[in-house]
Each structure stands twice: as structure tokens, then as C-alpha cells.
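First comes the structure, then the notes that go with it.
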Amino acid sequence: MNKKTKFICTLVLIAIGAGLLVFIDQATPSSAMIRSVLQLSAIYSLAAVSMNMLNGFTGLFSLGQAGFMAVGAYTFAVFTIPVASKPTVYYLYGVADALANVALPPAAGIVVAGLMAALLAAVIGAPVLRLKSDYFAIATLGFAEIVRILVASSVFNRITNGSLGLKCIPGFGSYYTPFIVVFICIAIIVLLMNSTYGRAFKAIREDEIAAEAMGINLASHKQMSFIASSFFAGISGALMAMFLGAITSTTFPLMLTYNILLIIVIGGMGSITGSIIASFLVTFAKEWWLRFLDVEHFIGDFHVPLLRTGFRMVVFSVILMVVVLFWSRGIMGQKEFTWDGLYGFFRKLKNKRQEKSPVGGGAAND
Amino acid sequence: MTLTAFFQYCLVGISIGGIYALIAIGYTMVYGILRLINFAHGDIFMMAAYFMIFAMVDFMIPWYISMIIMIVSTIVLGVVIEKLAYKPLRNAPRMSIMISAIGVSYLLQNLATYLFSALPKQYPQIPILNKTITIGEVSTSIATFITPIITIVFVVLLMMLIKYTKVGMAMRAVSKDFETAQLMGIQINNVITVTFIIGCFLAAVGSMLYFTPRPSVFPLAGSLPGLKCFIAAVFGGIGSIPGAVLGGLIIGICETFIKAFGYSEFSDVFTFVLLIAVLMIKPTGLFGEKMAEKV
């Protein structure tokens, strides 16, 4: 396959994706499950890719994802809630004077949300990044919890509305907004990962000491990866806030970090396409396909055992444990989806079949 | 603050600190041997509370037998988790085993939500532990009073176990050097099992003392105490048992006094800030050994 065919194939794939999206938008009623599940999957895929950047590509095991998403979501909400709805939102504590007349357009809000998360990452990055593997994990986890407690605390009542949370957050203008934002962000991440910086990140993952010996500045590259990852985490948080319309500190629990971590594990640590595929797969399974597990069922008079509220999550976590234990590569491992890979896969499949049925089988496959 | 109130808070702080210490020992021992943050430990602690509810409320078993059932089932749970989720990954990269631990924690929380529903359940009243006693002007429940004593007794027993028995010697050897210990003929799997048994036993005892004075149990009840106890273990120097005890006590007392001064919403922030501060200033903790970086 030459470069041109691959490029055309990619364009066709994107066009098919966009076409499907338009089709779903037009053909389904606005209350259809698939619409919101698709949006949620897109948001999760950005969150997962941004976490994967740090955990899978740079080898820094961070558990602070939910914290950065919370920062992004709150920043977005604080700056974009329309001035007219501020009195109803802050009915109990009143709004901070400086913010009373501030209402950015959502597009600016998203960027500010990302920048805020990145700024915070820059501040805590310098000390936290000195820590090694699991200490780093637990420190970022602690940081996420601090963020969660602080946004709900009374000190910030007039900004974050304390434990009441924020509502009246502007939603997506059009159905396609989240997809476009996520697409742009992931495209930037892909470019970044293919640049010299991306290669340096991967070198750090493979062997810190060797990377340092090759002239990579460990501290600054780790810092860069941490900040970039948080920037996109902040954006995914902002999208989440737009999607939900209302947020409280409990929207971003530790469980959210675990969810995203498990998505990237299923997709493959260190694979952007893997994370995207896994986000869609996991979100669809969790929010839609496996819903039936939460409802009691009867086949004739037979009461299907085990099915009741909560069973879905149990099944889901068991699947995850199986993946972690027996299939730790995940869907893609550290590889990316490529046309060559797909082509090779089909050729292998075809060769196998030909071996099995040497007479006539080959011709039928051509 | 009057002197009476001061003593009252001290007692409460030492008591909660003692419980943290019991759980922190579980973290610190597992980390010392497997180099694994056992994220599921807090959830094992939560499951222990549900076992107690199950035995006492649903089966109406008297508390002293329930207690034994609860401790045994908690230990079984912990050992089964180790065999199923951690043992297959013994030679895998450290990140995989940590992810596995997170997966177990996730599974236990979801399982508890499924089995016992997300609604808070009342922890059964254990008559002996709930009696109020008054010493001078300080009045408190027996549970609060005996917790520090129980903690001290168990810690002393554990230290003796580690110092004077064969299995204790094996544990020390394994925590010093996993591979060499194996070469010296130590049955590593048995040592790890014993570690998990001790950790779960202490978590079960801690769970009973922790939930008795508290109103209710819910599936996420173990996650925050679990994190705090891990912080206690890090603060004291991970791998060190006296360190875990001291860390637990300091966190418990500080937390109680922060609450007493009316900043209860910041008591958890304090714990996490303490964690980050300790990691910045002295990552090996109070009593931790300096570990040489292997190249």
C-alpha cells in the first residue's frame, strides 16, 4: 500500500464516520439512547487518550485524571454560565463580584478550562514529578482528592457554589460539537506523539536512564507530558460539564479515574487508537448494551436469577479483571491502527484459509 | 477548649488513630513484601463490615460468634484475592499488578453495591462495645477506650511474630530481597499468604472498632479510610510497622483536632497535603529505610 492509498483510505474512513454521525443525528429521535451514548463515548475517548499520553506513552502512572477533569469542568462552568442565570445558580451564597458579569462564549470557555488544568499541572508538576512510579500515582491521586474536597468547601462558596454544585451550564450548541472538539484535540495529540517530543516520551517510558543518556531532558519532558495531558483532561472535563449541564464535586470521584484507567487498559497502554476503540466499546457496553442486566427479567414464568440493580457493574468489573489478568496487552497493545496492519491481518487470514482448503477455497476468496 | 474537652478529643483521636494504625499495617506489610499498593485493602475493610452485618442482622448470630465468622471470612476474602488477582502477575511489570489491585477495588465496590445495595446499612450494635464509661469527667464508649489497647496488644504480638518466629524471619528476608529469599529456600507464596492473613485479620478487627460508633456502612465506606491509612503507612515509612502505627496515630489525632476546631471539611485535605509534603521532603517516611535505586 502506498502513501496515497492510505491517505485516501483514512479520508474515506473519516467521511464514513461523519456520514454515520449525520445519519444518526437525522434518523433518530432526540431522545434516542444512541445519541447521548455516542457523545459520552467521544468525551471519554478524549479523557482516555489524554490519560494514555501520560500513563501509556510517558510511563508516568498518574491517578489524577478526575482531578484535572474537575478543574476543567468547574473552570468552564464558572466562566460560561450566562449572566442571567447566575442569581438562580448562586441563590444561596451569591456570586463573587468579579465573576458576576463574566460569561465567555463556550468555545473560549473550553480553552480556558484546558489552560487552567494545564496551569495547575505546571504548579504541582515540578515537585510531584520527582517521585517514582507508585509514589507518583498516590501523590496524583491525593491531589485529585484535594481538588474534589476544595471545590466543595465553603471557602469557594461564591465561586464554585460549595457542595451545591453548578448548574445551567451551556450545553452543546449543535449535536456535532463534542465530536468536532474531540477530533481536533485527538488530532493534535497524534501530531504531538509523532513529533520528536512524542518519541522522547516513548523513550522515557522504555528506559529513563537510557533516554537521559541519549540527551533527553527528563525533567522538562515529563513536565511537558504532564501539562499537555492535563490540558486535554481539562478540555474533556469541560465537555463533560457541557454534556451533563450540572456538576457537583461528586461528579468526579476516584471511580471516574478508575473507569478511564480501565478503558486505556482494555484499549492497550500506549495506543491512541486502542483507547478510542475501547472508549466507544466500553461506554456502549456500560451505558447501553449491558443495561438489561440491571433489570429483572422473566422468561415465561422463569425468573432469571441474579439480574437486578448493580449486576451490570459487577459483570463489567469481572470482564475488566479478566482483561487485566489474561489479556494485559488490551485490544491494541502498544501498536496503533494502521492500514498496513489491517491489510496484513486480512492477508494472514486469507493465507490461513487457503492452507485449510487448498482446492477451490482460494479462488472463492479472491 | 477546656481541659476535659481536650482529653476527650485526645482519646477520640488516639482511638481513631489506633484503627488507622491497624489498617495501615496491612498496607505496609503488603508493600514491604510485594512492592504493591494494595488498593483493595480499604474495600476489604468495608466488606468486613458487611460480613458482620450479615452474620448479626440477617442470621441473628450472637456477636462473639459473628465476630469470629467475620474475621475468618475477611481473611478468606483477602487470601482468595491474592491468589486470583496478584499471584498470576508476580513476574509482570509493577504497573500491571497495581492496575490489578485497582481492578479488585473496583470489583469489590461494585459487588458490595450489588449484594447489599448502595443504601447505607446500620451497623449492628455490639452491647459490650457500646457501653458508655466515665473516667474522671471524660465519658466515652468502651469501643473508643479499648481501641488503643487492642492496637498496642496486636502490634506487640505482631512485632514478636516478626522478630522471633521462623515465618517472621522469612518475611523480613522476603522484604529485603525477593529473589535472594527465594533462592535461600523460602516458600515465597506461603510468606505472602501469611502476610495477607495478618493484614486482613487486622483490617477485620479495625473494621469492627471503626464502624461500631458510626451510624452506617455503605459500599464506598472503605475507600477514604483506606486512602488515609495508606497515607499513614507512607508517612511512617512504608514497610515499617512501628512507622505505620505512629503514622496512623498522628493522622488520627490531627484529624480529630482539626475537626474539633471547626474545620471539619478540611480534615481530609490535611491528610492529603501531609502525604504530598512527606513525599516531597522525606519520601522514605519517618522510619523507612533508604532504598538504593537500582540501575
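The values are calculated or read from the model by the stated rules, or taken from the named source; none is laboratory data. On a predicted model such as this, the values are computed, not experimentally measured, just so you know. Note: ideal-geometry Cβ built from the backbone for every residue, glycine included; neighbour counts use all protein chains shown. Note: areas computed on protein heavy atoms with side chains; ligands, DNA, RNA excluded. Shrake-Rupley method; radii C 1.70, N 1.55, O 1.52, S 1.80 Å.
Rank B:T165, B:T195 by accessible area, highest first, at a 1.4 Å probe radius?
B:T165, B:T195
Rg over Rh of the stretch B:1-131, using C-alpha atoms and the Kirkwood radius, what does it come to?
Values: Rg = 17.6 Å, Rh = 16.8 Å.
For the stretch B:1-131, the value is 1.05.
For chain B, what does the convex hull of the Cα positions come to per residue, in cubic angstrom?
Working: hull volume 40.4 nm³, N = 295.
Given the Cα convex hull of chain B, per-residue volume reads 137 Å³.
For the residue pairs A:K132/B:K83; B:K83/B:K121; A:K6/A:K350; B:K228/B:K282; A:K132/B:K228, the alpha carbons lie more than 23 Å apart in A:K132/B:K83; B:K83/B:K121. Based on Cα contacts under 8 Å between residues 6+ apart, the stretch B:43-99 shows a relative contact order of 30 percent. Between B:K282 and A:F156, the simple spin-label model (points 7 angstrom out along Cα→Cβ) gives 3.2 nm. Computed over the stretch A:237-312, the percent of Cα pairs more than 19 Å apart is 55. Scattering from the protein assembly as shown was approximated by placing one identical point on each alpha carbon and applying the Debye formula without solvent; log10 I(q)/I(0) at 0.07, 0.11 1/Å stands at -0.50, -1.22.
Between B and A, roughly 3900 Å² of accessible area is buried in total, ligands, DNA and RNA not counted and the probe set to 1.4 Å. Between the Cα long axis of helix A:177-194 and the first principal axis of chain A there is an angle of about 70°, rounded to the nearest 10. Between the helical axis of A:133-151 and the dominant principal axis of chain A, each derived from Cα atoms, what acute angle in degrees is found, rounded to the nearest 10? Its long axis makes an angle of about 40 degrees. Going from the isolated chain to the complete set of protein chains, the stretch B:230-272 loses at least 50 Å² of heavy-atom accessible area (1.4 Å probe) at B:E265, B:F266, B:V269, B:F272. Across chain B, the mean sequence separation of Cα contacts (distance under 8 Å, 6 or more residues apart), normalised by length, yields a relative contact order of 36 percent. Cross-link reach is defined here as a Cα-Cα straight distance under 12 Å, omitting same-chain residues fewer than 8 places apart; for A:K86 the aspartates and glutamates meeting it are A:D97.
Could you give the alpha-carbon Rg of the stretch A:274-325 over 2.2 N^0.38 Å, rounded to two decimals?
The value comes to 1.33.
Accessible area per residue was computed with a 1.4 Å probe on protein heavy atoms; A:E208 scores about 60 Å².
May I ask you to derive the FRET efficiency for A:S31 and A:T250 from their Cβ-Cβ distance with R0 = 25 Å, giving the value to the nearest 0.05? Intermediate results must be reported in sequence, preceding the final value.
Numbers: r = 26 Å, r/R0 = 1.03.
So the FRET efficiency works out to roughly 0.45.
Remark: the protein assembly as shown carries 45 Å² of accessible area per residue (probe radius 1.4 Å; ligands, DNA and RNA excluded). Taking 16 Å as the straight-line reach from the Cα of A:K335, the lysines in range (excluding those fewer than 8 positions away in the same chain) are A:K202. Relative contact order, whole percent, for chain A stands at 26, derived from Cα pairs under 8 Å and 6 or more residues apart.
Kirkwood Rh and Cα-based Rg: tell me the resulting Rg over Rh for the stretch B:1-75, rounded to two decimals. Provide the component values of the computation, followed by the final result.
Values: Rg = 16.4 Å, Rh = 14.6 Å.
With Rh from the inverse mean 1/r over Cα pairs, Rg/Rh is 1.13.
Quote the charge dipole size of the stretch B:3-281 about the Cα centre in Debye, to the nearest 20; the model charges only the Cβ of Lys and Arg (+1) and of Asp and Glu (-1).
Numbers: 14 positive and 9 negative charges, 108 e Å.
Roughly 520 debye, rounded to the nearest 20.
Remark: the stretch B:65-150 carries a charge dipole of roughly 340 debye about the Cα centre, counting +1 on each Lys and Arg Cβ and -1 on each Asp and Glu Cβ. With each label point set 7 Å from Cα along the Cα-Cβ vector, what nm distance links B:S216 and B:I69? About 2.4 nm, to one decimal. Summed over all non-identical Cα pairs, the Kirkwood treatment of chain A gives a radius of 22.4 Å. At the residue level, A:T88 shows approximately 80 square angstrom of accessible surface with a 1.4 angstrom probe and all protein chains present.
Relative to the dominant Cα principal axis of chain B, helix B:142-164 is inclined by about 20°.
Grab the beta carbon distance between A:I319 and B:T132, set R0 = 51 Å, and tell me the FRET efficiency rounded to 0.05.
0.55
Our helix-only sum for chain A, with -39,500 (n - 2.57) per DSSP H run of n ≥ 4 divided by its residues, gives a mean residue ellipticity at 222 nm of -21500 deg cm²/dmol.
Quick one: grab the alpha carbon gyration tensor of the stretch A:5-83, order the square roots of its eigenvalues as a ≥ b ≥ c, and give me rounded if a/c is under 1.5, else prolate or oblate depending on whether a/b is larger than b/c. Taking the square roots of the gyration eigenvalues as a ≥ b ≥ c, the stretch A:5-83 is oblate.
Rounded, prolate or oblate, given the Cα gyration tensor of the stretch A:173-281, with a/c below 1.5 counting as rounded?
prolate
Quick check: from the Cα gyration tensor, does the stretch B:54-95 come out rounded (a/c under 1.5), prolate or oblate? Prolate, since a/c reaches 1.5 and a/b exceeds b/c.
Dividing the helix sum by the residues of chain B, where each DSSP H run of 4 or more adds -39500 (n - 2.57), gives a mean residue ellipticity at 222 nm of -23000 deg cm²/dmol.
Ordered from largest to smallest accessible area (heavy atoms of protein chains, 1.4 Å probe), the residues A:V151, B:V153 come out as B:V153, A:V151. Students often get this wrong: which residues of the stretch B:109-145 have the backbone nitrogen under 18 Å from the point 7 angstrom along Cα-to-C-beta of B:V156? B:145, by backbone N distance to the label point. Heavy-atom accessible area for B:M280, with the other protein chains in place and a 1.4 Å probe, reaches approximately 40 Å².
Computed from label points 7 Å out along Cα-Cβ, the spacing between A:L164 and B:F261 is 2.9 nm.
Taking the stretch A:161-190 and a reference point 7 angstrom along Cα→Cβ of A:A100, the backbone N atoms nearer than 19 Å belong to A:161-162.
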